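Single-structure report; data block below.
Every number in this text was worked out from the coordinates using simple rules, so none of it is lab data. What you see is a predicted model, and the numbers here were worked out from it, not measured in a lab. Here the Cβ positions follow ideal geometry from the backbone for every residue, glycine too, while neighbour counts run over all protein chains shown.
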């Protein structure tokens, strides 16, 4: 049986980036993914790259270096992820004050500026000015998520890495060492295993007797076919509900029920927004719910109606467009920073999960991870270590 230096579990953005960067450092790498077209958070994301949003020296460095990686990836891999810049328009409800909301962004690297409703329409002509009190705006990055994964995959294979479609059913643990993974048809051996499986990360580590503080929301969107109408901006609410409640979902009162399926920690909520891709397709979202079940019962029709009702006042042109409801799990951590590094107490097991703003943070984080396990200790990676939340 071939033994790899690294097995990476999960071929969303995190796993694709990490496997490629490990291969760039000279490691033999096997990337495992359960499906050719998995309904992942990467697949159904907006693809937004908020390089402007770093609120600490660490996050600003990762955002800055990540931007550099986007410039290099097409040449390195031969595949363009369609990276571009566009205007982000953060809409402000009629009962809210744009200047007050702007204060919440004061600590980020490039704070969004308040603008009037009419100025917002200049940036996105399809926006209804009567539905908002104004907006905040900043230049924002955007990428096609699946083309980015394709680029990383091509780069991995060009470097001799392997990709296998197989469902990982568990980790092989002998004493305090993880030595590989199991699938329904065979086991794979490795010196190290990195779990980059998003919302399934917690469940997979449980098979090795390890409890990790990675959690998930269930996100629901509507995805359209290519539309004739052309949109210019990425639209999101300035007062984002999802980011505000994730800490509540992992407090001391909630944390102990995450290993019990079927607890709805918070009712579903809507952050109305959308983005159009270069191929003309649009993703409209998003309903989020925090439920501890990996596969909760979701009412697709009701969620789609809620999403359409939320976007229609803002963008009347999207009120009745054709589209399909989609759903996925989105991983997050307790403190807003990813868990990237060795799992405490278990040799050979690593985490690369729980990213907020993954398209901004993952590219550079994957580079630092790969360099740290190749060269040695990294002050930057020590700040992302799972150890900080697993004391």
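Note on segment 225-383: percent of Cα-Cα distances in each 10 Å bin, starting at 0 and stopping at the bin with the largest distance, equals 9, 30, 30, 22, 9, 1.
Applying 1/(1 + (r/R0)^6) with r as the Cβ-Cβ distance of residue 130 and residue 43 and R0 = 30 angstrom yields a FRET efficiency of 0.30.
Taking 0.36 nm per residue of sequence separation and removing the Cα-Cα distance, the residue 163/residue 104 pair yields an extension gain of 17.0 nm. Peptides 123-132, 85-94 ranked from most to least packed, by the mean per-residue count of other Cβ atoms within 10 Å: 85-94, 123-132. With each label modelled as a point 7 angstrom along the Cα→C-beta vector, the residue 239-residue 293 pair spans 3.1 nm. Highest average first, the peptides 378-388, 187-197 ordered by how many other beta carbon atoms sit within 10 Å of their residues are 187-197, 378-388. I'm spelling it out carefully: the read-out is Rg and Dmax of the Cα atoms in Å, the candidates are (i) 24.2, 78; (ii) 21.6, 68; (iii) 20.6, 65, and one was derived from this structure. Which label? So the calculated entry is the one marked (iii). Pairs of C-alpha atoms in segment 149-222 farther apart than 17 Å represent 56 percent of all such pairs.
For the peptides 74-84, 30-40, the ranking by packing is 30-40, 74-84, with the highest mean count of neighbouring Cβ atoms within 10 Å listed first. Taking 0.36 nm per residue of sequence separation and removing the Cα-Cα distance, the residue 84/residue 185 pair yields an extension gain of 32.2 nm. In this label model, residue 261 and residue 75 are separated by 4.9 nm, measuring between points 7 Å along each Cα→Cβ vector.
Here the label points at residue 139 and residue 35, each 7 Å from Cα along the C-beta direction, are separated by 3.8 nm in the simple model. The alpha-carbon positions of segment 252-314 define a convex hull whose volume is 124 Å³ per residue. Per the Debye formula with a single identical scatterer at each Cα and no solvent contribution, what log10 I(q)/I(0) holds for segment 352-391 at q = 0.25, 0.35 Å⁻¹? Here log10 of I(q) over I(0) equals -0.91, -1.20. Extension gain, residue 387 to residue 281, is 34.1 nm, computed as 0.36 nm per intervening residue step minus the present C-alpha separation. Between residue 116 and residue 230, the C-beta separation translates, for a Förster distance of 22 Å, into a calculated FRET efficiency of about 0.40. For the chain, the share of DSSP beta bridges that are antiparallel, to the nearest 5, is 70%.
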